[in-house]
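Report on one structure; see the data block that follows.
The values are calculated or read from the model by the stated rules, or taken from the named source; none is laboratory data. Note that this is a predicted model, so its numbers are computed, not measured. Positions of Cβ are backbone-derived with ideal geometry, glycine not excepted, and every protein chain shown enters the neighbour counts.
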Amino acid sequence: MARQRVKGSFLSTEAVDLTPLVDCVFLLLIFFMVTTVFIHARGLDVDLPRASQAQEQQEKKDINIVIERDGRIEIGGEEVLSGQLRATIERAMVENRNDNVIIQGDREAAQSRVVEVVDAAKGVGVKGIAFATLQ
């Protein structure tokens, strides 16, 4: 490197070579690109209905079974006797085009009545049973 003395200081006639600096920057860039973790947001898997299923879903109605404190059972607002429970659930399934039932039992109702309703529902082919609770 040739230096010249100009007014008490040395000046360089050569330019600084930036190639090693650029190489280091590219190596750092590649390193960070390779080691970066890409987080995939996880969502819920949703089975969207097809057009024919959407029409069927709109026609379906809920089958609500209410068990009162004194042991009375109501399906669709009508009181049902224990002997008619299976037939009434089966008829409600056909009328409402639904294979699922919602059981809403009073907190003070006997557990045996709830078990009786669940057994009757499973006996006629109910596929899903949900229990409604108070918030």
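Observations
- Selected residue (criterion: modelled with the lowest pLDDT) from residues of the range 31-58 that are assigned to a helix (DSSP H, G or I) and surrounded by fewer than 10 Cβ atoms within 10 Å (Cβ to Cβ): Gln58
- Matching residues in the range 56-79 - criterion: being free of Cβ contacts under 8 Å to residues at least 40 places away in the same chain, more than 14 Å from Gln104 (Cβ to Cβ) and of a type outside the set (S, T, N, Q): Glu59, Lys60, Lys61, Asp70, Glu78, Glu79
- Set Val115, Val80, Val101: member being of a type in the set (Val, Ile, Thr), under 18 Å from Ala130 (Cβ atoms) and crowded, with 16+ Cβ neighbours inside 10 Å: Val101
- Scanning the range 11-30 for residues that are modelled with pLDDT under 85 and surrounded by 10 or more Cβ atoms within 10 Å (Cβ to Cβ) turns up Leu11, Ser12.
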